[in-house]
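What follows is one structure encoded as structure tokens, with my remarks underneath.
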Amino acid sequence: MRPTPSIASAILTLLAASCVTTPPARGKVDFAREVKPLLEARCLPCHRGDALPGLPDFRDRAGMIGAGYLVPGNAAASRVIQVTQLRDDQIGAMPPTGHALAASEIELLTRWIDEGADWPEGEQLHQKRGAEPRSR
């Protein structure tokens, strides 16, 4: 017995649909596991208040928000995203020349900010031992 055209069409549709894969759903960005280590390693050598006078202090959420570098829920308006997307040869690029963030790091920060920039109350970033500002 041959399948009717409508049954054959339905079978082909099901087969085609089973070949299409959807990317796995990403969970919410984890501040403690993903964002905090990134900020401590890549930003805090210079943005820790006492490292280089005049630079915004990134040790806590309030400092980043107050300086305009973090706009929770709006990565495009967050200066931290704007300056990390600049090429090394552009004025204001951060981190300084030769130390650009990887695209995956910028994407992670962008997702975290767009998700609301979850940062536990009272949590502070801490300078890793031996890390010095890159401009010294």
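The values are calculated or read from the model by the stated rules, or taken from the named source; none is laboratory data. Being a predicted model, the structure only gives us computed values, none of them experimental. Here the Cβ is made from the backbone with ideal geometry for all residues, glycine too, and neighbour counts use every protein chain on show. We work out accessible area using only protein heavy atoms, side chains counted, and drop any ligands, DNA or RNA first. Shrake-Rupley method; radii C 1.70, N 1.55, O 1.52, S 1.80 Å.
Within region 47-72, the set of residues being touching a residue at least 24 places away in the same chain (Cβ under 8 Å) and under 14 Å from Q124 (Cβ atoms) comprises R48, F58, R59, D60, R61.
Of all residues in region 101-114, those being touching a Lys or Arg at 6+ places or on another chain (Cβ under 8 Å) and closer than 13 Å to S78 by Cα number 1. Yes or no: region 100-123 includes at least one residue that is of a type in the set (V, I, T), touching a residue at least 24 places away in the same chain (Cβ under 8 Å), touching a Pro at 6+ places or on another chain (Cβ under 8 Å) and buried (at least 16 other Cβ atoms within 10 Å of the Cβ). Yes, because at least one residue in region 100-123 is of a type in the set (V, I, T), touching a residue at least 24 places away in the same chain (Cβ under 8 Å), touching a Pro at 6+ places or on another chain (Cβ under 8 Å) and buried (at least 16 other Cβ atoms within 10 Å of the Cβ). For region 71-91, state whether one or more residues are in contact with a Leu (Cβ under 8 Å, 6 or more places away or on another chain), part of a loop (DSSP other than H, G, I, E, B) and modelled with pLDDT under 95. No, because not a single residue in region 71-91 is in contact with a Leu (Cβ under 8 Å, 6 or more places away or on another chain), part of a loop (DSSP other than H, G, I, E, B) and modelled with pLDDT under 95. For region 45-84, the set of residues classified as among the polar types (S, T, N, Q) and surrounded by 17 or more Cβ atoms within 10 Å (Cβ to Cβ) consists of S78, T84, listed by residue number.
Determine, yes or no, whether R42 is within 18 Å of the chain's Cα centre (by Cα), at pLDDT 90 or above, open to solvent by 80 Å² or more (accessible area, probe 1.4 Å) and closer than 12 Å to L125 by Cα. Judged against the criteria, R42 is not a match.
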